[in-house]
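Q: The structure is given below, and queries will be raised subsequently.
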Amino acid sequence: MSEIEQIKKALESATPGKWKPEYAIISSVISDEGNGVRTVIGTHIRRNDVELIANAPTWIRTLLEENERLENHNQAIAEDALEDKRQLQQLREELAEEKRHAALGWEQSGKWLEENGKLRVELDQVKKERDELLRLHRSAMQTVEVSDEVAESFRNEVLSLRTELAEKDKIFSQLKDIECTIGRFSEDRASYVGARVTRLYEEMQSILSQYKKGDTE
């Protein structure tokens, strides 16, 4: 049995009624149960002790109630602390997940930009080949007399290159759209992740500040 339980048991076993002091020839403490029932708790008590003894049951009950209130308060604080720790851990996991997604987003953006660069080089090479063929065609037509068959072959080759170039131009246009999309995606993702990380950090700081405040109190 704990000391608190012993105190409660002793209080329950004490003489019932309202204890109060009486000052006559001798100082006494009596219990008034009402209906004229009075019980003497003690007599020949030092005057300085009468008030303490007479108020002991009431004061002890008050202290027990305050002790119970503090225990409940401490229990609530402990439960809140566990919940705050759980939320803090959850926030840390969410923050780590946001960082992981951000890293994947930047990695994918880098791959797209790398592929875009390769296609740009290929497109430039096709343009150079077309320009060189056109230059050779014009030079040949100006310097020598060529047969219709050779001229037709040149024209077909030029048309083929123009067709290929047109297809490449379409790809290039699509690449420019993708590049713009990547830029917007990177900016939007950075803005979103930045705002998300900031919010998570603020929530973590709020929880930590509650602990610091509790420690100072």
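Q: Using Cα pairs under 8 angstrom and six or more residues apart, how large is the relative contact order of the range 5-113, in percent?
A: Reported relative contact order: 15 percent.
Q: Spin-label point model (7 Å from Cα, Cβ direction): what's the Asp131 to Tyr23 distance in nm?
A: 11.8 nm
Q: Using 1/(1 + (r/R0)^6) with R0 = 22 angstrom and r between the beta carbons of Glu115 and Glu157, what's the FRET efficiency to the nearest 0.05?
A: Efficiency computed from Cβ-Cβ geometry: 0.15.
Q: Once amide H atoms are built 1.01 Å from N in the peptide plane, which residues 5 or more positions from Gly42, or in another chain, come under 5 Å H to H?
A: Here Val29 satisfy the definition.
The numbers here are math on the coordinates, done by the rules we state, and not lab data. All values derive from a computational prediction rather than experimental measurement. Heads up, the Cβs are rebuilt from the backbone with ideal geometry, glycines too, and the neighbour counts pull from every protein chain shown.
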